[in-house]
Amino acid sequence: DSGVTQTPKHLITATGQRVTLRCSPRSGDLSVYWYQQSLDQGLQFLIQYYNGEERAKGNILERFSAQQFPDLHSELNLSSLELGDSALYFCASSGTGTAKETQYFGPGTRLLVL
Amino acid sequence: AQSVTQLGSHVSVSEGALVLLRCNYSSSVPPYLFWYVQYPNQGLQLLLKYTTGATLVKGINGFEAEFKKSETSFHLTKPSAHMSDAAEYFCAVSVNSGYSTLTFGKGTMLLVSP
């Protein structure tokens, strides 16, 4: 158990819909990262937040957005869903100081768009 | 920008045999290097990491990896495979700066036969 929690574990929805994925980082970690894992694209970085502010952006679609709240949990919002958005979405967190370079991953949310 | 190449999408070994999973990276600055393992229907678990210092790093479950700058490699080894090692293994790189994101290889599926 990494200490990173993600909900829900599974999500099934229809094209055109909007969903929200939730992540709680390890206790004390200020940085949260979101990754997408799909068969064709592999593991890809989407976005990073540090203490409530966006720090880095990767291959995140405009239909996707994220935020980190004052209690440090993060949400990833996916809208106008397409079949190709079906994937496993991971959240990771990292600490501060010398611990900042190591990311610990949650169990993931498996999204199926029908 | 950094990149990771994992040679072999599938590696098959017999139980008790040496495990060797290959990873080569590309980075214009000194890298941090990681190996993660993913068991079926689970999240990513950190196996080991190289940041600075000793180039031979030991991880969990008897795995180790050696950072070779001249070869830009970070191959993962284990002297004797167990059935429980069957999983997908990901090599990842980040650069030596704060809160850098991970760039992953495409993964290598390790199959262990009795």
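The values are calculated or read from the model by the stated rules, or taken from the named source; none is laboratory data. Keep in mind that what you see is a predicted model, and the values were worked out from it rather than measured. Cβ sites come from the backbone with ideal geometry, for glycine too, and all protein chains shown count toward neighbours.
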For this session: Hey, can you tell me all the residues within region A:43-54 that are assigned to a strand (DSSP E or B) and not charged (D, E, K, R)?
Result: A:Leu43, A:Gln44, A:Phe45, A:Leu46, A:Ile47, A:Gln48, A:Tyr49, A:Tyr50
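Okay, residues lined up against (1) within 14 Å of chain A (Cβ to nearest Cβ); (2) farther than 25 Å from A:Val4 by Cβ; (3) polar (S, T, N, Q):
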| site | (1), (2), (3) |
| --- | --- |
| B:Leu7 | no, yes, no |
| B:Val13 | no, yes, no |
| B:Pro30 | yes, yes, no |
| B:Phe34 | yes, no, no |
| B:Gly43 | yes, no, no |
| B:Thr55 | no, yes, yes |
Exercise. Within the bounds of region B:62-76, is there any residue that is within 14 Å of chain A (Cβ to nearest Cβ) and under 29 Å from A:Thr5 (Cα atoms)?
Worked result: no
Problem set entry | Members of region B:68-90 found to be among the β-branched types (Val, Ile, Thr) and more than 15 Å from B:Val11 (Cα to Cα), listed by number | B:Thr72
Exercise. Just checking, which of B:Ser80, B:Ser70 is closer than 21 Å to B:Ser113 by Cα and in a loop (DSSP other than H, G, I, E, B)?
Worked result: B:Ser80
Exercise. Residue check: is A:Tyr49 in contact (Cβ under 8 Å) with a residue 40 or more places away in the chain, surrounded by 14 or more Cβ atoms within 10 Å (Cβ to Cβ) and of a type in the set (Ser, Thr, Tyr)?
Worked result: no
Exercise. Going by the conditions given, is B:Leu47 surrounded by 13 or more Cβ atoms within 10 Å (Cβ to Cβ) and touching a helix residue (DSSP H, G or I) at 6+ places or on another chain (Cβ under 8 Å)?
Worked result: yes
Seminar exercise, completed: Of those in region A:5-23 that are of a type in the set (S, T, N, Q) and either surrounded by fewer than 20 Cβ atoms within 10 Å (Cβ to Cβ) or outside any strand (DSSP E or B) (or both), the residue nearest to the other protein chains (Cβ to nearest Cβ) is A:Thr5
Exercise. When the residues of region A:84-114 are filtered to those that are of a type in the set (A, V, I, L, M) and over 13 Å from the mean Cα position of the chain (by Cα), which remaining residue is nearest to the other protein chains (Cβ to nearest Cβ)?
Worked result: A:Ala99
For this session: Given the conditions (1) over 30 Å from B:Gly59 (Cα atoms); (2) outside any loop (DSSP other than H, G, I, E, B); (3) in contact (Cβ under 8 Å) with a residue 40 or more places away in the chain, report the number of the one that A:Arg110 does not fulfil.
Result: (1)
Problem set entry | strands (runs of 3 or more DSSP E) wholly inside region B:1-53 containing at least 2 residues that are of a type in the set (A, V, I, L, M) and either within 18 Å of B:Lys68 (Cβ to Cβ) or without any contact (Cβ under 8 Å) to a residue 60 or more places away in the chain (or both) | B:3-7, B:19-26, B:31-38, B:44-50
Exercise. Which of the following residues is more than 18 Å from B:Thr101 (Cβ to Cβ), of a type in the set (Gly, Ala, Ser) and not in a strand (DSSP E or B): A:Ser2, A:Ser27?
Worked result: A:Ser27
Exercise. Taking the condition among the basic types (Lys, Arg) and in contact (Cβ under 8 Å) with a residue 40 or more places away in the chain, does B:Lys58 pass?
Worked result: no
Problem set entry | Answer residue from region A:55-83, given it is modelled with pLDDT under 95 and not in a loop (DSSP other than H, G, I, E, B) and is surrounded by the most Cβ atoms within 10 Å (Cβ to Cβ) among those | A:Arg55
